[in-house]
Amino acid sequence: MTPSFFRQIDTICDFLQLKSLILGGEPFPSLSNSTIQQMIHHNKRLINIYGLTEMSCWASYYILNKNDLK
């Protein structure tokens, strides 16, 4: 999903129920976002993808982890 859509539904969805969350197509949201921090602390896969047509053909990706919060 796009970070814009994530921000719109962040407060009404329980993202901690997910095993993975893939965001792409726009700049990644701030790591100060509490949902993102909780997901990382609970060892959920939070993946930032980037590439031409991100959702169907990835050029690159990065899986965030607790070290990214430092």
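What size of dipole, in debye to the nearest 20, comes out for the chain about its Cα centre when the only charges are +1 on Lys and Arg C-beta atoms and -1 on Asp and Glu C-beta atoms? The partial results should precede the final answer.
On the way: 6 positive and 5 negative charges, 51 e Å.
Computed charge dipole of the chain: roughly 240 debye.
Quick one: if you take sqrt(5λ) for each eigenvalue of the C-alpha gyration tensor of the chain, what semi-axes come out, biggest first, whole angstrom? Before the final figure, lay out the partial values.
On the way: eigenvalues 70, 40, 23 Å².
Gyration-tensor ellipsoid for the chain: 19, 14, 11 Å.
3J(HN,Hα) along the stretch 12-18: 10, 10, 9, 5, 5, 6, 7 Hz, from the Karplus curve 6.51 cos²θ - 1.76 cosθ + 1.60 with θ = phi - 60°, whole Hz, x for Gly and Pro. For the chain, the solvent-accessible area of protein heavy atoms averages 67 Å² per residue (probe radius 1.4 Å; ligands and nucleic acids excluded). Summary value for the chain: 29 percent relative contact order, contacts being C-alpha pairs under 8 angstrom separated by 6+ residues. Stretching the chain fully between residue 65 and residue 9 yields a gain of 17.9 nm (0.36 nm per residue, less the alpha carbon separation).
The values are calculated or read from the model by the stated rules, or taken from the named source; none is laboratory data. This one's a predicted model, so the numbers in the text were calculated from it and none came from an experiment. Neighbour counts are summed over all protein chains in view; Cβ atoms, including those assigned to glycine, are modelled from backbone coordinates with ideal geometry. Remember, those area values only see protein heavy atoms, side chains included, never the ligands or the DNA or RNA. Shrake-Rupley method; radii C 1.70, N 1.55, O 1.52, S 1.80 Å.
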